[in-house]
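Just below is one structure, and these are the notes that go with it.
Here, each number is a calculation from the coordinates, and none is a lab measurement. Because the structure is predicted, anything quoted here is derived from the model rather than measured. In this analysis, Cβ positions are derived from the backbone assuming ideal geometry, glycine residues included, and neighbour counts consider all displayed protein chains.
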Amino acid sequence: MSDSFDVIVIGGGPAGYPAAIRAGQNKLTVACIDEWKNLDGAAAFGGTCLNAGCIPSKALLESTELYHRAHEEFAAHGIKAPDVTMDVAQMQKRKAGIVKTMTQGILALFKAAGVTPLQGHGKLLSGHRVEYTAHDGTRRELTAKNIILASGSAPIELRSAAFKSPQIVDSWGALEFPSVPKRLGVIGAGVIGLELGSVWRRLGSEVTVLEALPDFLAIADQQLAKEALRHFKKLGLDIRLGAKVTAANVAGDAVDVTYTDAKGEQKITVDRLVVAIGRRPYTKDLLGPGTGVELDERGFIKVDHECRTGAEGVWAVGDCVRGPMLAHKGKEEGVMVADLIAGHYGEVNYKTVPSVMYTAPEIAWVGLTEEQVKAQGKAYKAGVFPFMASGRARAMEQAQGFAKIIAAKDDDEILGVHIIGPMAGELIAEAVLAMEYSASSEDLQRTIHAHPTLSEALHEAALAVDKRAIDSINRY
Ligand code: FAD
Ligand code: AMP
């Protein structure tokens, strides 16, 4: 194997591996170095997302949602299945199988695109050099005209609740529980905490979610957040807001958790505690001396809007740089950089990165929230369509939530779309496309949507922006 490449990518997660594939498609010689090892010790490409994040969490959310619906909805359909039970081992086996297939698929994609896979640690040295240490300890120096850093992120540890025992775990640990914890504590009511809390609640755990902030889902449109909180409470999640965890002590097989809220110090005891208070950029042993790559005060690699670091020929993408920590954001950055390196056009539109929570109902949004539009002092109009009025949602026994569109008052451009309801994560794609093309609400109003589909909710919400909804009363 040559030691010299056009491009070396360090990190094979959803930011790094697409960068490598696109570089290969662009006829550049490329290697991708990744050090991930799974719990069984096996090396695997795919990073957090495929091994311990997006994919395994969605597998468990799907299994547990089906189980939950069997209990809660089958009767309404007339389906009698009184003995539905969950085999947690089989659920976990299915999840592991999906992860394995997907991560091995990356090797096939690499082969097709001519990417050299290198499993082990990569360290950027000065002068376009990379030190590669294979998992067996052998070390080589590689060179490349361009180097893309895609080292990702790691869970933030709470000093008072360190990951030192099997009782206190991070999100990966919470995806691997072999049985249903009777009492589960979750610190942090962010996307990851709520998804994992939902998984185990649906299987019967008594789940308490402790969130330091006083507002629920402060990053989301507050009309949507309010609706979401209602549904999470209905599911049985005990969400305590303004609850800042100050200590967690393992006592036997349980954990005593102390938190403070408006009333003072409080205590709960749980069997397992998931710390889901966010993630930090991961750059451990990534940068050798004199590389010229700088980190900001929070540890993110400093980059410009096209993901260039301060060092010539060195780029950084994904969770290790500013912006939302989302797989699709990292993917677009990786692809953009590989195209820019090849002299092609490349761009990421950070205004249209969608956010999705794969809970039930699903939650998805893109663009500005109503609160953000107001704060900008922009005149706007908004339309809401409740899924209660959707024939398809009714047929699915999923007539909960709504679609909301916010558009500028002057030129009608869509500023934000917020959906809580069935398949919100799929429906948001239409809104992203519309915003990518700077569509107006009238553009959506004049677009034919098949009947009866869930997508009609977006059509009707667009009509409601101008008080012209047909299938619901224009109340907003
Ligand atoms: P990572 O996926 O973290 O990949 C980085 C890779 O680089 C890793 O394999 C790491 O081992 C390797 N690496 C690091 N340093 C080195 C080095 N020096 N040498 C060699 N290799 C190195 N996002 C979504 O968009 N949708 C979701 O549904 C979603 N669900 C999630 C659920 C959970 C439970 C979690 C934890 C995260 C979820 N995310 C989701 C976030 C998503 O996983 C991340 O945004 C995404 O993985 C970031 O991709 P990345 O390539 O930047 O980093
Ligand atoms: P996210 O960053 O979206 O993953 O969400 C993490 C959540 O954890 C945020 O809403 C934080 O407010 C919350 N959080 C951080 N520290 C604590 C703490 N000590 N106790 C409770 N919640 C916390």
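Would the stretch 355-366 turn up any residue that is among the polar types (S, T, N, Q) and in a strand (DSSP E or B)? Yes, there is a match, as at least one residue in the stretch 355-366 is among the polar types (S, T, N, Q) and in a strand (DSSP E or B).
Scanning the stretch 245-272 for residues that are assigned to a strand (DSSP E or B) and charged (D, E, K, R), we see that the one that is nearest to the chain's Cα centre (by Cα) is R272.
For the structure I just gave you, tell me whether T138 is free of Cβ contacts under 8 Å to residues at least 40 places away in the same chain, over 25 Å from E62 (Cα atoms) and more than 10 Å from ligand 1 (Cβ to nearest atom). For T138, the condition - free of Cβ contacts under 8 Å to residues at least 40 places away in the same chain, over 25 Å from E62 (Cα atoms) and more than 10 Å from ligand 1 (Cβ to nearest atom) - is met. Restricting attention to the stretch 208-227, which residues are more than 16 Å from ligand 1 (Cβ to nearest atom), under 24 Å from Q266 (Cβ atoms) and crowded, with 21+ Cβ neighbours inside 10 Å? Within the stretch 208-227, T208, L210, E211 qualify. The residue that is farthest from the chain's Cα centre (by Cα), among those in the stretch 396-454 that are small (G, A, S), outside any helix (DSSP H, G or I) and closer than 30 Å to A70 by Cα, is A450.
One residue stands out among those in the stretch 153-179 that are outside any loop (DSSP other than H, G, I, E, B) and away from ligand 2 (no atom under 12 Å from the Cβ): the one that is nearest to R272 (Cα to Cα), which is I168. When the stretch 273-295 is limited to residues that are among the hydroxyl-bearing types (S, T, Y) and under 27 Å from the mean Cα position of the chain (by Cα), the one that is nearest to ligand 1 (Cβ to nearest atom) turns out to be Y282. Within the stretch 266-287, is even one residue surrounded by 18 or more Cβ atoms within 10 Å (Cβ to Cβ), within 14 Å of ligand 2 (Cβ to nearest atom), among the small types (G, A, S) and farther than 22 Å from C54 by Cβ? Among the residues of the stretch 266-287, not one is surrounded by 18 or more Cβ atoms within 10 Å (Cβ to Cβ), within 14 Å of ligand 2 (Cβ to nearest atom), among the small types (G, A, S) and farther than 22 Å from C54 by Cβ, which makes the answer no. Within the option set T116, T143, being out of contact with any Pro (no Cβ under 9 Å at 6 or more places or on another chain), more than 17 Å from G46 (Cα to Cα) and in a strand (DSSP E or B) holds for one residue only, T143.
Among the residues of the stretch 180-206, those that are within 9 Å of ligand 2 (Cβ to nearest atom), within 20 Å of A162 (Cβ to Cβ) and part of a loop (DSSP other than H, G, I, E, B) comprise G188, G190.
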